Ligand SMILES: Cc1cc2nc3c(=O)[nH]c(=O)nc-3n(C[C@H](O)[C@H](O)[C@H](O)COP(=O)(O)OP(=O)(O)OC[C@H]3O[C@@H](n4cnc5c(N)ncnc54)[C@H](O)[C@@H]3O)c2cc1C
């Protein structure tokens, strides 16, 4: 019998393999990964500097150890280039592999900004262990870091780098940090807290060119300002990896479109994790992956199971201003109600009937996370 093949050994690929093994000890299983297959916690990439963790220290198991633990074969440094749906095989430079069912756990890749200048290629992003290793090497020769993007990942890196003693600037076209996640009042508290750590904010503009200069790298912004820096980190967003799926004729929108069974438009091919759009939702976070992995493992082991998503707030790893965000679903109508406490803020997003649709908590108020989460409607019931 041909194996179930999982493409990707990130959190989604390994979480699914572990859930399968809890239910079925002998189902033939093969994982194929473009990277080295080491296990690591991706969320730690944006808070590991202040703890002085190297890339090797962030890795907790090798692919060989995982293959033994999962009773699976794992092919590493093997990028799959095409899927033959009729023949049920995948192709890579390492050969052709037949599958019984195929799981796409391909993740998301950083959005690349098209910048001008003779050092535009210097732009870095950190989305996996090897990126982090390169980033650490470059930091060894850097004192100043410019971050493009003041979203979740940009703010976390800003806090981590500032705590580790770097001179940090952040550029973002919006008006405040975490604009998509939290109301203005919470964003302003974060802006002030990171400002106290030395972070210099440049809102309402974007980077246009990067050039080498006598002082390192010179970034020119759309508003005409220049920033001299040693390293530029792009944190402007991630885009689900859909190319392999769309070239194979699978339906893709923002992500690879799958239903509540995690099945794509080909019912022998499934997707989960950052590459997937589950019932219209693209949720590039840890918790949705865990729910999806449990449901899909049951389906693959013979009991068709839909995925259910409860409300899943995100913890923002900015110790200078602890924050938890559960933004209201897109297109919801209502308004933010802010309660300022001595050492924190409770922001509740309520509809006209007073129902809680989202929240943001900062400072000591983060202790209310569980209580408020229990009041939110499920994302997929
Ligand atoms: C810096 C950072 C901080 C984060 N912090 C948080 C947090 O605090 N909380 C939270 O909930 N979430 C956080 N996230 C998001 C979370 O880490 C991700 O949602 C999750 O790790 C994604 O896992 P994944 O397996 O879907 O993708 P990935 O980990 O990207 O894995 C994709 C896998 O697919 C493989 N692959 C890709 N293309 C191919 C191909 N063609 N052939 C073979 N293999 C291929 C890759 O090699 C890799 O093994 C953070 C993300 C980042 C980048």
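Side notes on the structure shown:
- Flag not set for residue 17, criterion: more than 9 Å from the ligand (Cβ to nearest atom) and not in a helix (DSSP H, G or I).
- Residue 244 being within 16 Å of the ligand (Cβ to nearest atom) and at positive phi: no
- Residues of region 149-169 satisfying the condition of being within 19 Å of the chain's Cα centre (by Cα), buried (at least 23 other Cβ atoms within 10 Å of the Cβ) and not in a helix (DSSP H, G or I): 149, 150
- Scope region 44-78; condition closer than 25 Å to residue 266 by Cβ, assigned to a loop (DSSP other than H, G, I, E, B) and near the ligand (Cβ under 9 Å from one of its atoms); matching residues: 78
- Lone qualifier among 12, 48, 68 - being surrounded by 17 or more Cβ atoms within 10 Å (Cβ to Cβ), over 30 Å from residue 249 (Cβ atoms) and assigned by TED's automatic domain parsing to the domain that holds residue 264: 48
- Members of region 88-130 that are farther than 23 Å from residue 250 by Cβ, more than 9 Å from the ligand (Cβ to nearest atom) and in contact with a strand residue (DSSP E or B) (Cβ under 7 Å, 6 or more places away or on another chain): 113, 115, 116, 117, 118, 119, 120, 122, 123, 124, 129
- Evaluation of residue 266 against (1) under 20 Å from residue 291 (Cα atoms); (2) touching a residue at least 60 places away in the same chain (Cβ under 8 Å); (3) in a loop (DSSP other than H, G, I, E, B) (one fails), failing number: (1)
- Of the residues screened, residue 31 is one that is closer than 26 Å to residue 246 by Cβ, in the same structural domain as residue 269 (by TED's automatic domain parsing) and in contact (Cβ under 8 Å) with a residue 12 or more places away in the chain.
- Unique residue being near the ligand (Cβ under 9 Å from one of its atoms) and surrounded by 18 or more Cβ atoms within 10 Å (Cβ to Cβ) when the list is 33, 81, 41: 33
- When 17, 61, 119, 67 are checked against the criterion of being modelled with pLDDT of 95 or more and closer than 19 Å to residue 233 by Cβ, a single residue qualifies: 119.
Condition check ((1) at pLDDT below 95; (2) in contact with a helix residue (DSSP H, G or I) (Cβ under 8 Å, 6 or more places away or on another chain)) across all residues:
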residue	(1), (2)
286	no, yes
290	no, yes
304	no, yes
326	no, yes
343	yes, yes
348	no, yes
361	no, yes
365	no, no
374	no, no
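- Residue 99 vs. criteria outside the structural domain of residue 212 (by TED's automatic domain parsing), at pLDDT 95 or above, within 19 Å of the chain's Cα centre (by Cα) and crowded, with 19+ Cβ neighbours inside 10 Å: no
- Cβ pairs under 6 Å, 6+ apart, first in region 270-287 and assigned by TED's automatic domain parsing to the domain that holds residue 103 and closer than 20 Å to residue 153 by Cα, second within 8 Å of the ligand (Cβ to nearest atom) and in a helix (DSSP H, G or I): 273/12; 273/289; 284/274
The values are calculated or read from the model by the stated rules, or taken from the named source; none is laboratory data. The model shown is predicted, which means the values in this text are computed figures rather than measured ones. Heads up, the Cβs are rebuilt from the backbone with ideal geometry, glycines too, and the neighbour counts pull from every protein chain shown.
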